[in-house]
1. Just the residues that are among the charged types (D, E, K, R), modelled with pLDDT of 80 or more and surrounded by 13 or more Cβ atoms within 10 Å (Cβ to Cβ), please, taken from the range B:1-31.
2. If you scan the range B:113-126, which residues turn out to be at the interface with chain A (Cβ under 8 Å from one of its Cβ atoms) and either of a type in the set (Gly, Ala, Ser) or not in a helix (DSSP H, G or I) (or both)?
3. Across the range B:14-41, what is the number of residues that are in contact (Cβ under 8 Å) with a residue 12 or more places away in the chain and either farther than 21 Å from B:MET81 by Cα or more than 9 Å from chain A (Cβ to nearest Cβ) (or both)?
4. Limited to the range A:97-132, what total is found for residues that are part of a helix (DSSP H, G or I), among the aromatic types (Phe, Trp, Tyr) and loosely packed, with under 14 Cβ neighbours inside 10 Å?
5. Test B:ALA116 against the stated conditions and say whether it is touching a helix residue (DSSP H, G or I) at 6+ places or on another chain (Cβ under 8 Å), of a type in the set (Gly, Ala, Ser) and open to solvent by 50 Å² or more (accessible area, probe 1.4 Å).
6. State all residues of the range A:8-58 that are farther than 20 Å from A:GLY89 by Cβ, open to solvent by less than 60 Å² (accessible area, probe 1.4 Å) and of a type in the set (Ser, Thr, Tyr); if no residue qualifies, say none.
7. For the condition within 23 Å of B:ALA57 (Cα to Cα) and either within 9 Å of another protein chain (Cβ to nearest Cβ) or in a loop (DSSP other than H, G, I, E, B) (or both), what is the one hit in A:ALA46, A:ALA61?
Amino acid sequence: MASTNTGDSRPLSPHLQVWKFHATMLASIMHRMTGVGLYVGSVLLAAWIVSAATGPEAYEAVLGVMLHPVGQVFLFLWTLAVTYHFANGIRHLLWDGPKVGFSPKVASAWSVFNFVFAIAASAGIWALAYYA
Amino acid sequence: MNSSYRTPLARARGLGSAKEGVGHFIQQRVTAIALVILVPWFVVSAALAVPAGYDGAVEWMAKPWNAIALILLAAAAFFHMRLGMQVVIEDYIHKHGMKQALLILNAFVAISLFAATAMSVLKVWIGS
């Protein structure tokens, strides 16, 4: 990937084929994927708020979709997407602001942490909704 | 970074190759900071309000602080969402007409969702 054009210091675009798989790469891909997922999921969330303003029947209808097993699976995936995008988003803010955590070791460990955080936080939120 | 490839005029304009400067970048991050505060509140608060049924949800939404936070959340989230989807569209859609159409659709979806949710929160709040 090194520049063969001596004297030209402009960065080269990396070839996708030569990239070895690593955690930070997966974290980056998942950040975008969860972002698009949250875009779609926000429609359900907006429907929930609009239905509360419309009346009890509309609210029960939206809740029926959310409480249906398929709805519950999507809602849990939505929770995973929120918690993951949240944790990884904070990392992006720290990358952009104070510029910390760029070394490969820290970046990899942080990526793994974000995945673990998403699973643990999602479990916690659902426990709260079911048992609180 | 070596910025010698840019002309003095380009540097003074500060708009870069995308012709829009750093406005998008800054807005994406400022809405992100707002969401770092608002999202944990919403997720925990909503998880506790949902099991209480319609009356519980309306009662929760009608509390002034909840109504304010919900409208702020809707503003930050739908703005952030629009900016994020804009980048995805610009990255993957290269046909000019299709790209423009999707960017307009993206704006309409985000702004419509904001209008619908903000009005709904106001209606519940004023109606209670």
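The values are calculated or read from the model by the stated rules, or taken from the named source; none is laboratory data. Just so we're clear, the structure is a prediction, and the values are computed from it rather than from any experiment. No Cβ is skipped: glycine too gets one built from the backbone with ideal geometry, and neighbour counts run over all protein chains shown. With ligands, DNA and RNA removed, areas are computed over all heavy atoms of the protein, side chains included. Shrake-Rupley method; radii C 1.70, N 1.55, O 1.52, S 1.80 Å.
1. Within the range B:1-31, B:ARG29 is the sole residue that qualifies.
2. B:ALA116, B:SER120
3. Count: 7.
4. The total comes to 2.
5. Considered against the rule, which asks whether it is touching a helix residue (DSSP H, G or I) at 6+ places or on another chain (Cβ under 8 Å), of a type in the set (Gly, Ala, Ser) and open to solvent by 50 Å² or more (accessible area, probe 1.4 Å), B:ALA116 comes out as no.
6. A:SER51
7. Testing whether each residue is within 23 Å of B:ALA57 (Cα to Cα) and either within 9 Å of another protein chain (Cβ to nearest Cβ) or in a loop (DSSP other than H, G, I, E, B) (or both) leaves just A:ALA46.
Here's the yes/no breakdown for (1) surrounded by 14 or more Cβ atoms within 10 Å (Cβ to Cβ); (2) at pLDDT below 95:
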position: B:PRO51; (1), (2): no, yes
position: B:ASP55; (1), (2): no, yes
position: B:VAL58; (1), (2): yes, yes
position: B:ILE71; (1), (2): yes, no
position: B:ARG82; (1), (2): yes, no
position: B:GLU90; (1), (2): yes, yes
position: B:HIS94; (1), (2): no, yes
